[in-house]
Amino acid sequence: MRLGTVKRNTKETQITLSLDLDGGGINRIDTGVGFFDHMLTALAVHSGIDLDIEVHGDLDVDCHHTVEDTGIALGDALSKALGDKAGICRYGSMFIPMDEALGFVSLDISGRPFLVFDCPFVTDRLGQMDTQMVEEFFRAFAYHAGITLHAKLLYGVNDHHKAEALFKALAHSLKQAVRRTDDARPLSTKGVL
């Protein structure tokens, strides 16, 4: 079983998070930020990864620490679940349309964290979540999971649709990349990832 569990306690957030890469997208998510919960639910359902996330953050300040620290914890949990990354497809890419918006994500579970994020938002907030936190989540997740991650909005008007297209594209890309192969070795010319 490919499971990852993380408890992250700081002066700003208290997070309990677990994931099962071989689940069916079952999720129980409560971060206190409604739009973020919606995006994480989409991530779980579309990736087929079971997610159990409970976050208590300093929302009296704003949503920044809650969203960023959840990305950190999710990345750490994914890294634990993958172990030495042997026997996975490693790469994943997906275009996702969300009404008028078209999002694209391509990733490499390489152990070399990097983020390219190209999605212009026009509004400041989506519900209780600052739109700039979408990029902060992607960055925290990519760096702590050890993923090279490219996320791009090709076009779109509605910021809700833009964000959702990117989260769903991330989900489907992850689903491809963590899929098991018949080869028990890491997919690398170096022999390790």
Legend entry - Neighbour-count order for D182, D58, fewest beta carbons within 10 angstrom listed first: D182, D58
Legend entry - Per-residue HN-Hα couplings for the range 93-101 [Karplus 6.51, -1.76, 1.60; θ = phi - 60°; Hz; x = Gly/Pro]: 8, 7, 8, 10, x, 9, 6, 7, 9
Inset, instruction - Subtracting the Cα-Cα distance from 0.36 nm times the residue separation, let me have the gained length for T123 to T10 in nm, one decimal. - result: 37.7 nm
Inset, instruction - Select from A44, L115, Y91 the residue farthest towards the positive end of the dipole of the range 3-177; place +1 on Cβ of Lys and Arg, -1 on Cβ of Asp and Glu, and compute about the Cα centre. - result: Y91
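Among the listed pairs K168/K190; K11/K152; K80/K175, which are separated by more than 23 Å between their Cα atoms? List each step's numbers first, then the result.
Working: K168/K190 31 Å; K11/K152 33 Å; K80/K175 16 Å.
With Cα atoms farther than 23 Å apart: K168/K190; K11/K152.
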Legend entry - Dipole magnitude of the range 1-137, debye to nearest 20 (Cβ charges: Lys/Arg +1, Asp/Glu -1, about Cα centre): 640 debye
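Show that you can apply the helix-only estimate: for the chain, add -39,500 (n - 2.57) for every DSSP H stretch of four or more residues, divide by all residues, and state [θ] at 222 nm to the nearest 500. Don't skip to the end; give the middle numbers.
Working: 4 runs with 66 residues, N = 193.
When only DSSP H runs of four or more count, the value is -11500 deg cm²/dmol.
If you add up the charges near M94, with Lys and Arg at +1 and Asp and Glu at -1, over every other residue whose beta carbon is less than 14 angstrom from its beta carbon, what do you get? Show your work: numbers first, answer last.
Working: positive: K152, K168, K175, R179; negative: D108, E164.
After counting each charged neighbour, the total is +2.
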Legend entry - Phi-based couplings in Hz for the range 37-52 (Karplus 6.51, -1.76, 1.60; Gly and Pro marked x): 4, 4, 5, 5, 5, 4, 4, 5, 4, 7, 8, x, 8, 5, 10, 10
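Are there any trypsin sites (Lys or Arg not before Pro) in the range 7-113 that are in a DSSP loop and have at most 14 other Cβ atoms within 10 Å? List them by number.
Numbers: sites: K7, R8, K11, R28, K80, K85, R90; in loops: K11, K85, R90.
Passing both the DSSP loop test and the Cβ count: K11.
Read-outs: derived from the displayed coordinates by stated rules, not from any lab. Quick caveat: nothing in here was measured; it's all calculated off a predicted structure. Note: ideal-geometry Cβ built from the backbone for every residue, glycine included; neighbour counts use all protein chains shown.
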